[in-house]
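Colleague: The structure under discussion is supplied below as structure tokens; questions concerning it will follow.
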Amino acid sequence: MSRIRTRVRLDGAAPEAAEGAAARYENRLLLILFLAFGFVFFDRQALPFLAPFISEEIHLSNTELGTLSGVLALTWALSGLVAGRLADKLGRRKPILITAVVLFSCFSAAGGLVTGFLGLLAARALMGVAEGAVLPLAQSLMVEASREGRRGLNMGLLQGSSAGLMGGIVAPLAVVWLAELHGWRTALLVTIVPGLLIAAWIARSVREVPPGGRAQVVDPEAVDMTAAGPKPTVREVLGHRNIVVCMAAACCYLTWFIVIVTFTPTYLLTVKDFSSGTMSGVMTCLGVGWVLWGFLTPAISDRIGRKPTMIAFSATAALCPLAIVYVDDPVSLGLLIVLTYTGLGCFTLFMATIPAETVPRGALATALGLVMGVGELAGGFLAPVIAGRASDVWGLQTAMFISSGGAVAVVLLSFGLRETAPRVLRRRAARAVGVASGSVMSGAAE
């Protein structure tokens, strides 16, 4: 049966005025949440780029560097699990989101005040607690305000392109520049300013319910779309095959991503003997690919389907860490990175879009928190620690092979997904009706 996509009306405004207000709010919300999640990744990515500078004062082994990345992912995972479920139970997301943005900005800046590894570890752990709440809350707000034709694009811009722009392009340029001029402590301390400004903007402009009501994103005949009904349990959420597949994909894809961003700066400086400026330029290419594929991949999935997009773009992503190992020319390496760093666009699909099109609205933040939390726990926390230890024993190239293997695993897992893209489902339904009609006419003729 064809799935119907409508906007659930919650007020009595004239249709034309409501549609105009909804469209304006959709664009404004996208910009606010784009910047909010972008600065989450700016702060998260600052440490790997600053690691060579920090090591001059606080010596960091590969194992310790992996542990710093891993502890943030651990607390991020636990926070995402709790915040998503709490938001669904309370029916309130805005106050939790504001609190999270304020706190992650403060804890990021606190990293510039520490005097040793343990202090830095504590600051990163507390930062992860705050940051973990942002994505499930932001994506659940965004999906409800998005028109069907822009759902994948909006969610891709919010999660993929924002993180790529701020964490992959602005962060390596800004923090390396600040560290060279004023030291790594200053580079961390200034991160508090944009976060506080964004928190104030959220408080002023974001609504719990968008103008015109919440957009309906799943089959209304399959689940209760109202917020008033009984909330689905975690067990019921896990009863959807797509959620289980997305959780497994998150574990493997976070391994791919976290290992690359944690160890590539050190790999380029120590193994390939690049200068800090060349390293910063190559890492910026990661950001360019991140931004580019962050919105193109979900937009393509709106047209050809979530499942084939996950398979094709994950296979391409597996080549990126191999290019880092085997390509020595910085220019060629930068170009290949832009072309193969496709995985961050897939993050939006398995962490947000597919779960949002699978579960009822009352379980949306819970589902997003589960996928993100489990992925961060395994791929974000355990993977960099294991990769760091393996690199100390067998060399830093080992981390890149582990990263590539994570993307290959996602390719295999993606074959188990059930398609959720509205346009693709409608085409399938139309073909099924056409075939059925043709069979009836053929039988009548006989």
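The values are calculated or read from the model by the stated rules, or taken from the named source; none is laboratory data. Nothing here was measured: the structure is a model prediction, and the numbers come from that model. We place every Cβ from the backbone using ideal geometry, glycine too, and count neighbours over all the protein chains shown.
Colleague: Go through (1) in a helix (DSSP H, G or I); (2) modelled with pLDDT under 85 one by one and return the number of the condition Leu60 breaks.
Modeller: (1)
Colleague: From the list Ala110, Ala83, which one is of a type in the set (A, V, I, L, M, F, W, C) and within 20 Å of the chain's Cα centre (by Cα)?
Modeller: Matching residue, one of Ala110, Ala83: Ala83.
Colleague: Which one of Tyr341, Tyr326 is crowded, with 24+ Cβ neighbours inside 10 Å and either of a type in the set (Val, Ile, Thr) or more than 17 Å from Thr278 (Cβ to Cβ) (or both)?
Modeller: Result: Tyr341 is the single residue among Tyr341, Tyr326 that is crowded, with 24+ Cβ neighbours inside 10 Å and either of a type in the set (Val, Ile, Thr) or more than 17 Å from Thr278 (Cβ to Cβ) (or both).
Colleague: Go through the stretch 37-65 residue by residue and tally those that are of a type in the set (Gly, Ala, Ser) and under 20 Å from the mean Cα position of the chain (by Cα). Even if it seems obvious, please write down each step before you answer.
Modeller: Going residue by residue through the stretch 37-65, those that are of a type in the set (Gly, Ala, Ser) are 38, 46, 51, 55, 61.
Subset that is under 20 Å from the mean Cα position of the chain (by Cα): 38, 46.
Total satisfying the criteria: 2.
Colleague: I'm told Ala125 meets every condition in (1) of a type in the set (Gly, Ala, Ser); (2) surrounded by 24 or more Cβ atoms within 10 Å (Cβ to Cβ); (3) closer than 25 Å to Phe257 by Cα except one. Can you identify the failing condition by its number?
Modeller: (2)
Colleague: Anything in the stretch 218-252 that is farther than 30 Å from Ala317 by Cα and either in contact with a strand residue (DSSP E or B) (Cβ under 7 Å, 6 or more places away or on another chain) or modelled with pLDDT of 55 or more (or both)? List them, or say none.
Modeller: Matches in the stretch 218-252: Pro230, Lys231, Pro232, Thr233, Val234, Arg235, Glu236.
Colleague: When Ala73 is evaluated against the numbered criteria (1) within 16 Å of the chain's Cα centre (by Cα); (2) part of a loop (DSSP other than H, G, I, E, B), which criterion, by number, is the only one it fails?
Modeller: With (1) within 16 Å of the chain's Cα centre (by Cα); (2) part of a loop (DSSP other than H, G, I, E, B) applied to Ala73, the lone miss is (2).
Colleague: If you don't mind, another one. Return yes or no: is Lys307 basic (Lys, Arg) and in a helix (DSSP H, G or I)? If you could, list the steps in order and put the result at the bottom.
Modeller: Numbers: basic (Lys, Arg): yes; in a helix (DSSP H, G or I): yes.
Yes: the conditions hold for Lys307.
Colleague: Let me ask something else about it. Hey, among Ala187, Ala215, which residue is over 22 Å from Met351 (Cβ atoms), buried (at least 21 other Cβ atoms within 10 Å of the Cβ) and either at pLDDT 90 or above or not β-branched (Val, Ile, Thr) (or both)?
Modeller: Answer to the check: Ala187.
Colleague: Within the stretch 1-10, identify whether any single residue is assigned to a loop (DSSP other than H, G, I, E, B), surrounded by 14 or more Cβ atoms within 10 Å (Cβ to Cβ) and either under 25 Å from the mean Cα position of the chain (by Cα) or at pLDDT 85 or above (or both), and answer yes or no.
Modeller: Yes, the stretch 1-10 contains a residue that is assigned to a loop (DSSP other than H, G, I, E, B), surrounded by 14 or more Cβ atoms within 10 Å (Cβ to Cβ) and either under 25 Å from the mean Cα position of the chain (by Cα) or at pLDDT 85 or above (or both).
Colleague: From the list Gly152, Gly164, Gly195, which one is crowded, with 24+ Cβ neighbours inside 10 Å and at pLDDT 85 or above?
Modeller: Gly195
Colleague: Within the stretch 406-424, work out how many residues are touching a residue at least 40 places away in the same chain (Cβ under 8 Å), in a helix (DSSP H, G or I) and closer than 16 Å to Phe313 by Cα.
Modeller: Residues in the stretch 406-424 being touching a residue at least 40 places away in the same chain (Cβ under 8 Å), in a helix (DSSP H, G or I) and closer than 16 Å to Phe313 by Cα: 8 in total.
Colleague: Moving on. Taking into account only those residues within the stretch 359-387 that are surrounded by fewer than 24 Cβ atoms within 10 Å (Cβ to Cβ) and of a type in the set (Gly, Ala, Ser), which is modelled with the lowest pLDDT?
Modeller: My answer is Gly362.
Colleague: Residues of the stretch 80-121 being closer than 19 Å to Val206 by Cβ, surrounded by fewer than 21 Cβ atoms within 10 Å (Cβ to Cβ) and touching a residue at least 40 places away in the same chain (Cβ under 8 Å), which ones?
Modeller: Gly91, Arg92, Lys94, Ile96, Ile98, Val102
Colleague: Got a sec? Which helices (runs of 4 or more DSSP H) wholly within the stretch 81-162 have at least 1 residues that are farther than 21 Å from Asp302 by Cβ and aromatic (Phe, Trp, Tyr)?
Modeller: Here the list reads 94-110, 117-131.
Colleague: Checking the conditions here, which among Ile260, Ile324 is more than 20 Å from the chain's Cα centre (by Cα) and part of a helix (DSSP H, G or I)? Steps first, please.
Modeller: Working: Ile260 fails: more than 20 Å from the chain's Cα centre (by Cα).
One residue alone meets the criteria, Ile324.
Colleague: On to the next question. Here is a check on your reading of the model: is Ala421 buried (at least 22 other Cβ atoms within 10 Å of the Cβ), over 17 Å from the mean Cα position of the chain (by Cα) and at pLDDT 80 or above?
Modeller: So Ala421 fits the description; yes.
Colleague: Restricting to the stretch 370-400, count the residues that are among the aliphatic types (A, V, I, L, M) and in contact with a Cys (Cβ under 7 Å, 6 or more places away or on another chain).
Modeller: 3
Colleague: Another one. Say whether the condition of being in contact (Cβ under 8 Å) with a residue 12 or more places away in the chain and over 29 Å from Ser140 (Cβ atoms) is met by at least one residue in the stretch 307-315. Walk me through how you get there before you give the answer.
Modeller: If we filter the stretch 307-315 for residues that are in contact (Cβ under 8 Å) with a residue 12 or more places away in the chain, which is where we start, we get 307, 309-311, 313-315.
Those left that are additionally over 29 Å from Ser140 (Cβ atoms): 315.
Within the stretch 307-315 (the criterion being in contact (Cβ under 8 Å) with a residue 12 or more places away in the chain and over 29 Å from Ser140 (Cβ atoms)), the answer is yes, since at least one residue qualifies.
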